[in-house]
1. Could you check the simple spin-label distance between Arg110 and Ala24, using points 7 Å along Cα→Cβ, in nm with one decimal?
2. What residues of the stretch 278-310 lie in the reach of a label at Ser236, counting those whose backbone N is under 20 Å from a point 7 Å from the Cα along Cα→Cβ?
3. How high is the relative contact order of the stretch 237-305, in percent, with contacts defined as C-alpha pairs under 8 Å that are six or more residues apart?
4. So how far apart, in nm, are the two label points at Arg278 and Arg51 if each is 7 Å from Cα heading toward Cβ?
5. If you take every residue apart from Gln70 with its C-beta less than 10 Å away from the C-beta of Gln70, what net charge results, scoring Lys and Arg +1 and Asp and Glu -1?
6. ³J(HN,Hα) across the stretch 165-176 via Karplus (A = 6.51, B = -1.76, C = 1.60, θ = phi - 60°), whole Hz, x for Gly/Pro?
7. Rounded to the nearest 5, what % of the DSSP beta bridges within the chain are antiparallel ones?
8. May I ask you to order 83-94, 34-45 by the average number of other C-beta atoms within 10 Å around their residues, highest value first?
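Laboratory data are not the source of any read-out in this text; all were calculated from the coordinates shown. Just so it is clear, the model here is predicted, and its values are computed rather than measured. A quick note on method: Cβ atoms are made from the backbone with ideal geometry, for glycine too, and the neighbour counts reach across all protein chains shown.
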Amino acid sequence: MNTPSVSVVIPTYRRRRHLAGIVAAVAADPYPREIVVVVDGSADGSLELLRELAVGEPRIVPLWQDNRGQGAARQAGVERATGEVVLLLDDDVLAGPGLAAGHARAHAGRERAVVLGYMPTRRPEPRGPGDYPAWLYAEDYERACAAYEADPGSVITHLWAGNLSLRRADALAVGLDGGPGLVRHEDRAFGLRCARAGLTGVFDRSLAATHLHGQSPAGFRRQFFEQGRSRRKLASLFPEYVTAVDPLTQVPGRLRTAVSLLTAAGAPARALLRGGIRAAGAVHAWGPQIAGARLLRQVELARGFRQPEK
């Protein structure tokens with residue numbers, strides 16, 4: 001079986017501080033034909049840094065686009081790539097040794113597949129009061145990986161991108177940029193477009209990378225509010241796969257009452273909850289802090305769902 005060539009594509013936005021390390025980890029593998037890094041309109045020096053790095057590593061291909069979002073940046077990178085397979089990495093994902101070569105082997109003798117690698121979240125140590133988003137994200141991600149292994153069909157319908165590969169021709173046929181309308185759920189929407197096109201998903205823990213999650217508490221709240229708001233839009237785009245389920249119906253009884261009350265109570269009550277989460281973190285009461293953060297997450301999902309995308 002012939003092992004296909006690989007181009008790595010990394011969209012980046014305002015991540016200059018970590019970019020050199022992210023690119024160096026990919027470049028440590030001699031297998032990739034090229035490393036296409038698309039700067040999505042961030043004027044933080046990322047493009048200049050990439051040009052400097054390209055002097056010493058000619059496989060680095062810096063690209064610039066005006067700010068149009070991650071999907072559009074991925075699309076631009078795949079269009080520029082020349083490998084038979086494109087490995088799509090996020091700009092906060094640190095490639096493990098031989099990652100690109102491993103993805104290439106996964107595609108040898110396999111057609112029309114989306115290969116999803118493993119990228120556990122690096123939990124901050126020592127743990128700080130504002131680090132709960134990374135801990136919750138790590139829990140959610142491991143739960144998703146367990147679901148992939150229990151039901152391989154869920155890989156493509158509940159895609160969690162960041163470390164995935166597919167044939168370049170398939171990527172271009174499906175399209176990486178879903179267009180405006182989905183503030184969140186871009187990864188899942190891409191997976192559902194792949195499912196419509198007849199591609200299948202494969203999850204492989206041996207294709208390992210590390211997710212350098214760095215979300216702030218404010219970003220955590222915004223993420224889940226926007227996810228809730230995007231649920232109806234996702235269901236309207238993919239009715240054969242997704243239904244617009246009210247987040248409140250997915251919360252157990254007692255917790256549902258608390259979520260319902262906090263969703264309806266207004267900003268002061270939610271500020272009180274956030275204060276409690278901060279206070280728990282300040283005294284290292286990690287269990288109560290995570291419980292409060294889970295509650296806040298459900299509240300933001302419910303709030304967002306009540307303000308659907310237009």
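1. 3.1
2. Counting only backbone N, you get 301-310.
3. Working: 43 pairs, mean separation 28.1, N = 69.
After rounding, I find 41 percent.
4. Placing both labels 7 Å along Cα→Cβ, they lie 4.2 nm apart.
5. Working: positive: Arg68, Arg74; negative: Asp40, Asp90, Asp91, Asp177, Glu186, Asp187.
Residues close to Gln70 contribute a combined charge of -4.
6. After applying 6.51 cos²θ - 1.76 cosθ + 1.60, I find 9, 7, 4, 4, 4, 5, 4, 5, 5, 7, x, 8 Hz.
7. Values: 10 of 33 bridges.
The antiparallel proportion sits near 30 percent.
8. Working: 83-94: 24.0, 34-45: 21.1.
Result, highest mean first: 83-94, 34-45.
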